[in-house]
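To start, the structure under review is shown below, and the notes come after it.
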Number of protein chains: 2
Amino acid sequence: MPPALNRRLVLAQRPASTPGPEHFRRDDQPIPEPGEGQFLVRNEWLSIDPAQRGWLNAGGYAEPVAVGAVMRSLAVGVVTASRDPQHAPGERLYGWFGWQDYCVADDAALLARVDPANGPASSALGIFGIPGLTAYLALQDIGRPQPGETVLVSTAAGAVGSLAGQLARRAGCHVVGLAGSDEKVAQCLADFGYHAALNYRAGLDAPRLRALCPRGVDVFFDNTSGEIADAVWPLLNVRGRIVQCGTAAVAAWEPPPLAPRRERLVLARRLRHAGFLVFDHRAHFAAAIAQLGAWTRQGELRHREDIEPGLERAPAALAALLRGENRGKKLVRLVDGERVL
Amino acid sequence: MPPALNRRLVLAQRPASTPGPEHFRRDDQPIPEPGEGQFLVRNEWLSIDPAQRGWLNAGGYAEPVAVGAVMRSLAVGVVTASRDPQHAPGERLYGWFGWQDYCVADDAALLARVDPANGPASSALGIFGIPGLTAYLALQDIGRPQPGETVLVSTAAGAVGSLAGQLARRAGCHVVGLAGSDEKVAQCLADFGYHAALNYRAGLDAPRLRALCPRGVDVFFDNTSGEIADAVWPLLNVRGRIVQCGTAAVAAWEPPPLAPRRERLVLARRLRHAGFLVFDHRAHFAAAIAQLGAWTRQGELRHREDIEPGLERAPAALAALLRGENRGKKLVRLVDGERVL
């Protein structure tokens, strides 16, 4: 039986830095009904993403979630009622449906229809969702890896990083990963095709890093910023590219923390440092999903999921992700067959 | 009468940070003779450039000048003897001829023949030389100013900056300059077409800077790094470009000084920060000089020179330039008609 009420997790108070369960509360409400041009989605999977930290504070690329509002989240769900002729009940969609069971939405909230040919619905949130699109399009737009170059990926076993590493390997590069545990390092080597990987928590001294990158670094795919970035930048080669896809290692930016000044490196080595936000590249989503789907069906790309059961686990899942404790794409599952989780 | 000896200024000791006269000494030697495929140039003008500080230390883009070697410098001189059929006596050349009266060189040391149609020979070192080429090609390659955008230039009255400002104005931009004195600010407004300019030594507080850039900054043409850059970066708009052409405000980079960490700005605003070194773009020099020459003859581009007489003044001229005391392209004149300076 579906729940009589719509379970919702709303922002209770704005976190000063890293969000945790204490910043959210349940606020159940009647299941809403779609108006003209709208449809009702029942969420099946919630996406837990590092970017969600940024959506809780001012100064990012997106308007912050309001206190009292449902936590912003990507999700996959199925249409259960519709007053939009383009979306019939039973259709599965990927979009901005929030930390809740039910969402009334319109086309503006959609990122994609879920293509059943691409495998389980949850993959629409990972390899065929924002993480996969980020890895693919950021490498295409900024990284531009060339055969024989060295590509270094931070959060190498994560949802974005694990794809970036595999795509760089496909491009003929020497691929080096930095990850936060020995287990993730093993996963990088066994599953994600890295030539070398290092547990940065065991020490990031320059000689160790240099030994993994004997020809320097041509593309730094950076999801972390912080001390990891500070260790990598001096290894960058002339005409190196730094893809800034995330800043997971830095919890607070007001005031900005200090870092070694980089203008001299940028100038002397003619580096190109660029920020990448996948939502700027919607026009390329369909082609990218098609390409990632083809490679996946050919067995050339692997991805892993790390699934938490139940809506109530979402805040703790986000906190764990931000501590680097995930093993693959972090998801919250809301239904298991007919059972509500 | 030409000197019987070749006056030379050699590096006496490597400076820890900013070079001054104490780091150089005279070491006169017999005038050399060209070998097969070489020619002898008599220098007329020496170029004094901010980049010369970088050539004295390790870690830059160029091999450091050796202690005891002639100081590396661009110059304009006339061929007085030649064993290279491509260069006849009387021809005027622009190249790497060093802080000395005479230089034996071959084609590898040349940047360009001096085109008499472009005006006085000294202009080959300024608007038609590395400064002009840097301003033109860096804007073309990285800055890409679009009509209606705001372009902010540091060292706005300098040899590179004054051209960058004029070229941005030609491109239809709102152009704002930062310069190091009230006199330079006046020059920016009167001579170089800036819409607004600010003496950064009188205070670089955010509200003053913001008032000059009411629509933010789309292109930051940065020749300084340091506190000036730290004040400008927060004003950058989404998809802003930072052209790193110099780092004149920072005297020492070992160890790197600290700065506000920028990854979050780069990511959230999708900035593109790139280093520009004009010597990577030799293939475009001839076309750029032709274009700059055409605009100059049409009266659309102005440049100023700041001339010191006499070889011995070169070290002090460099130190003054690095203190920001120049008024236009800094040059040392070595001959005045028949008179040696």
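Summary table
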| read-out | value |
| --- | --- |
| Percent antiparallel among DSSP beta bridges (both partners in chain A, rounded to 5) | 55 percent |
| Among A:Ala75, A:Leu139, A:Pro64 - extreme Cα towards positive end, dipole of the stretch A:30-148, charges at beta-carbon | A:Leu139 |
| Per-selection Rg to Rh, the stretch B:205-279 - Cα, Kirkwood hydrodynamic radius | 0.96 |
| Convex hull volume of the stretch A:58-136 per residue (C-alpha atoms, cubic angstrom) | 113 Å³ |
| Cα gyration tensor shape of the stretch B:1-147, rounded if a/c is under 1.5, else prolate or oblate by comparing a/b with b/c | oblate |
| The protein assembly as shown - Kirkwood radius from inverse mean 1/r over Cα pairs (Å) | 27.9 Å |
| Calculated FRET value between A:Asp28 and A:Arg323, using beta carbons and R₀ = 41 Å, to 0.05 | 0.90 |
| Value of relative contact order over chain B, rounded to a whole percent, pairs C-alpha under 8 Å and six or more apart | 18 percent |
| Fraction of antiparallel bridges per DSSP, the protein assembly as shown only, in percent to nearest 5 | 55 percent |
| Positive minus negative residues near B:Ser82 (Lys, Arg vs Asp, Glu; Cβ under 14 Å) | -2 |
| Cβ neighbours within 10 Å from other chains - mean over A:229-236 | 1 |
| Fluctuation leader among A:Asp84, A:Asp222, A:Asp115 - chain A, Gaussian network, Cα springs under 10 angstrom | A:Asp84 |
| Largest-first ellipsoid semi-axes for chain A, taking √(5λ) over the Cα gyration tensor eigenvalues, angstrom | 36, 22, 18 |
| Average beta-carbon neighbours from other chains, 10 Å sphere, peptide A:251-259 | 4 |
| Principal axes of the stretch A:128-283: Cα extent on each, largest first, Å | 39, 35, 31 |
| Relative contact order %, the stretch B:131-279, counting alpha carbon pairs below 8 Å whose residues are six or more apart | 23 percent |
| For the stretch A:254-341, the fraction of alpha-carbon pairs in successive 5 Å shells from zero, as % | 3, 10, 9, 10, 14, 18, 16, 10, 5, 3, 1, 1, 0 |
| Chain A - mean residue ellipticity at 222 nm from DSSP helices (-39,500 (n - 2.57) per run, n ≥ 4, rounded to 500) | -6000 deg cm²/dmol |
| Helix B:159-170 vs. chain B, principal-axis angle (Cα, 0 to 90°, nearest 10) | 50 degrees |
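Where a number appears in this text, it was derived from the coordinates with a stated rule and is not lab data. On a predicted model such as this, the values are computed, not experimentally measured, just so you know. A quick note on method: Cβ atoms are made from the backbone with ideal geometry, for glycine too, and the neighbour counts reach across all protein chains shown.
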